[in-house]
Amino acid sequence: MGEAPCIGIVGAFGGDEGKGKVVDVLAQNAGCVVRCEGGANAGHTIRLEDLTFVGHLLPSGAAAGTLCAIARGVRVDPTQLLQEVSTYTAPGAGGKSRSLSLLVDDGAALSLSWHQRLEMYFERVKEKQVRGTGSTRRGMGPIAATAALRLNPRVGHLTRPEELRQWLDDFYEAFQPQLAASGNSVTPTMLADELAALGHRLAPYIGDVRARVEQIWRDGKSVVLEGAQGMVLDPYWGTYPYTTQGMCTFAGLLQGCGLPVSALTDRIGVCKAIATRVGNGPFPSELGDPALLADEPKVVDADLDAFAREMLAKINAGHASDQELGHYLRVRADEYGATTGRHRRTGWLDGAWLEYFAAVNDPTELALTKLDCLRGLRELKVVTAYELDGRHLPPGTVPALASDFARVRPVYQTLPGWSEDISDVTRFDALPAEARAYIELVEEIANCPIRWIGTGPFREQLIVQPRN
Ligand code: GDP
């Protein structure tokens with residue numbers, strides 16, 4: 001079936017890898033961009049000519065003007081989605097409004113305000129066993145759970161008020177004790193009224209995403225499947241229970257959008273030159289203690305240059321602590337959450353995890369973003385293996401239990417850094433030799449070519465290597 005490329009893009013680490021930029025480039029020539037998994041807990045930066053905003057549900061390809069589809073694997077919060085649609089279509093600086101071609105799958109699970117209440121309840125219960133899972137409190141776990149119990153309404157119910165009311169009544173009856181315990185005051189009648197109004201506004205966008213995407217693909221146009229978060233957060237293959245609900249693998253993309261497995265021609269894994277993680281959970285190459293992050297001051301733009309100069313001098317003289325190095329990377333790479341504004345935990349690129357990512361996903365190519373953020377560091381480290389209880393773990397494997405993962409020790413290879421500014425470099429062979437060596441080491445560990453190299457935050461700051 002189908003001749004056109006079907007390109008999947010997923011995050012190789014903890015999300016926020018800069019998938020949006022790669023999607024943006026691919027979306028220029030695509031028939032559609034499909035958001036396949038996750039929900040409003042993910043955030044990506046959408047840069048338009050006259051507007052930059054953080055999208056949670058709209059695919060990042062929206063900016064390219066192609067069809068944006070929200071597939072069945074996405075948990076849809078109608079209030080959030082309509083807000084994003086309004087922001088996107090509002091008249092820009094020149095007074096011209098933007099049009100948006102959007103299709104939302106009628107079978108996607110509806111996210112309700114009740115789910116966030118249930119999340120508060122269950123996060124409190126879990127505190128007893130594990131430190132909070134670092135949830136963004138957007139109700140992702142409860143949506144998956146109530147859908148698994150066949151108690152969750154779907155997006156299509158938004159246009160059928162009577163059926164929806166029945167679903168809400170059943171939901172409420174099943175979870176009334178937990179909702180009451182978490183301070184809920186929204187009754188089924190209130191929620192039904194609110195959703196009816198939202199449904200009216202969303203109705204023109206609701207339809208059969210799978211069939212439409214398949215048609216576009218059969219017609220010979222390329223299809224871009226956009227993942228959310230990264231594999232560290234995958235419910236099966238991530239660091240459970242510090243994980244999310246949406247699947248973060250290429251297999252998850254196909255499951256989410258309903259195209260056959262055989263459709264996927266290109267599998268792009270996106271990896272950042274600085275490893276980051278939001279929320280709790282194992283992070284072997286982390287620099288510093290996450291407990292100290294809440295008190296770490298944010299550096300305002302005006303002080304950035306002075307901060308970077310002073311810190312680099314200290315780091316390169318060997319006088320900086322891991323905490324300071326982690327802070328420097330956070331500031332340098334602007335690692336503050338798009339959804340929550342939280343400080344992201346930072347660390348060295350984790351090649352051992354990347355090898356595991358490659359084993360599970362078999363990417364055809366990798367994108368390495370934020371390479372520019374390593375500039376000026378005299379020495380760089382990359383994790384090449386994991387050690388547990390004094391023994392190397394077999395390559396491409398990680399512990400299944402978080403309690404074991406927390407005891408994993410990283411084995412590092414140290415490489416020399418570079419001082420040249422690479423933000424305008426457009427060809428691999430024009431990069432400093434040290435940067436090329438760094439890239440080649442990562443390729444060797446992952447056993448996969450790095451075709452995309454991020455050299456700055458803007459769309460054009462991307463080296464795209466020809467295919468071999
Ligand atoms: P996503 O969640 O993986 O889609 O990540 P985003 O698309 O939100 O990207 C995170 C941020 O990183 C955005 O502000 C991007 O502009 C920025 N970014 C992406 N690639 C690069 C890069 O190569 N260098 C720098 N400095 N910033 C980048």
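Any read-out appearing in this document is the output of simple, stated calculations on the displayed coordinates, not a laboratory observation. Since this is a predicted model, take the numbers as computed values, not measurements. Positions of Cβ are generated from backbone atoms using ideal geometry, with glycine treated the same way; all protein chains shown enter the neighbour counts.
For the reader, a short list of remarks on this structure follows.
- Cβ-based net charge around Arg375, under 15 Å, with every Lys or Arg adding one and every Asp or Glu removing one: -2
- When the square roots of the Cα gyration tensor eigenvalues are ordered a ≥ b ≥ c, the ratio a/c for segment 15-67 is 1.5 or more and a/b does not exceed b/c, which makes its shape oblate.
- For the peptides 269-275, 241-247, the ranking by packing is 269-275, 241-247, with the highest mean count of neighbouring Cβ atoms within 10 Å listed first.
- Ranking Leu110, Ile463, Ala174 by how far each Cα lies toward the positive end of the dipole of the chain (charges on Cβ) leaves Ala174 at the top.
- Total formal charge among the other residues, if their Cβ is under 11 angstrom from that of Asp334, Lys/Arg +1 and Asp/Glu -1: +2
- Per-peptide packing, taken as the mean over residues of other Cβ atoms within 10 Å, places 374-382, 429-437 in the sequence 374-382, 429-437 from highest down.
- Helices in the chain, meaning DSSP H runs of at least 4 residues, each add -39500 (n - 2.57). Divided by all residues, the mean residue ellipticity at 222 nm is -10000 deg cm²/dmol.
- The residue among Gly94, Ile206, Gly390 whose Cα reaches farthest toward the positive pole of the charge dipole of the chain, with charges on the beta-carbon of Lys, Arg, Asp and Glu, is Ile206.
- Put simply, segment 109-203 fits an ellipsoid with semi-axes of 25, 13, 11 Å; these come from the alpha carbon gyration tensor as the roots of five times its eigenvalues, largest first.
- Taking the C-alpha atoms only, the angle from helix 161-181 to the longest principal axis of the chain is near 60 degrees.
- Relative intensity, log₁₀ I(q)/I(0), of the chain from a Debye sum that treats every alpha carbon as a point, q = 0.06, 0.09, 0.12, 0.14 Å⁻¹: -0.26, -0.60, -1.07, -1.42
- Relative packing of 217-229, 315-327, 74-86, which averages over residues the other C-beta atoms within 10 Å, highest first: 217-229, 74-86, 315-327
- For Gly347, net neighbour charge (Lys/Arg +1, Asp/Glu -1) across residues whose Cβ lies under 11 Å away: +2
- Cβ-based exposure ranking for Val155, Val398, in which fewest neighbours within 10 Å come first: Val398, Val155
- Listed residue pairs exceeding 23 Å between alpha carbons, taken from Lys298/Lys381; Lys19/Lys298; Lys298/Lys370; Lys96/Lys221: Lys298/Lys381; Lys19/Lys298; Lys96/Lys221
- Here segment 252-305 and segment 365-433 have alpha carbon centers that stand 14 Å from each other.
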